[in-house]
Amino acid sequence: MNRIRQFMYGRYGMDNLGFALIILGCVVTFVLSLFGLRYSRGWLSFVFRFVGMVPYLIFVLRALSKNIEKRRAENEKFLKFWSPWAAFFSKKASQFRDREHKYYNCPGCSRTLRVPKGKGKIEISCPHCGRKFKKRT
């Protein structure tokens, strides 16, 4: 264990972009196995297998890199790209778990409004822009 610790000393290691690269590699490998391209022979199969290995190779090169500032900058760029998507999926997941309310977007200002379920057809008024609209809950 000490040898691994000494080897990794001064190297970048794992971060959010590394985790995303591992997930991407798993997805690409899974898709290739669905189409049977992972175990076939020929130059096209070699190309697809190489494409499937690229995310893993990038992850290993980033994890073993000693240029920590450059890897940190890459991770920040990735997080700037990923943050809106993560917030969107987190919001949708919390709405999906909420069994007592329905969520609608206001036609006036496009904000998300939460109304109780099971009330029939009701008139919803947006507290932000004041627009009223009818929806079925």
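Listed values, structure above:
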item	result
Accessible area of E100 in the full protein assembly, 1.4 Å probe (Å², nearest 10)	130 Å²
For region 39-137, accessible area per residue (1.4 Å probe, heavy atoms of protein chains only), Å²	79 Å²
Charge context of A86, other residues only, Cβ under 14 angstrom, K/R +1, D/E -1	+3
Dipole magnitude (debye, nearest 20) for the chain, charges at Cβ of Lys, Arg, Asp, Glu	600 debye
In degrees, nearest ten, helix 16-34 long axis to first principal axis of the chain (Cα)	90 degrees
When the chain is reduced to its Cα atoms, the Kirkwood hydrodynamic radius in Å	19.6 Å
For region 15-37 and region 39-99, distance of Cα centres in Å	9 Å
Whole-percent carbon and sulfur share, accessible surface of the chain, 1.4 Å	61 percent
The chain: relative contact order as a whole-number percent, Cα under 8 Å and 6+ apart	18 percent
Low-density loop cleavage sites - trypsin sites (Lys or Arg not before Pro) in region 30-109, where at most 11 other Cβ are within 10 Å (DSSP)	R41, K66, R99
Counting DSSP beta bridges with both ends in region 62-137, the antiparallel % (nearest 5)	100 percent
Spatially near lysine pairs across the chain, Cα under 15 Å, sequence gap of 8 or more or different chains	14
Exposure of C26 as accessible area (Å², to 10), given a probe of 1.4 Å and all protein chains	70 Å²
L57/K77 FRET efficiency (R0 22 Å; Cβ-Cβ; nearest 0.05)	0.70
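The values are calculated or read from the model by the stated rules, or taken from the named source; none is laboratory data. Please read all numbers here as calculations on a predicted model, not as lab measurements. Note that each Cβ is placed from the backbone with ideal geometry, even for glycine, and that neighbours are counted across all protein chains shown. Just so you know, the surface numbers come from the protein's heavy atoms only, side chains and all, with ligands and any DNA or RNA stripped out. Shrake-Rupley method; radii C 1.70, N 1.55, O 1.52, S 1.80 Å.
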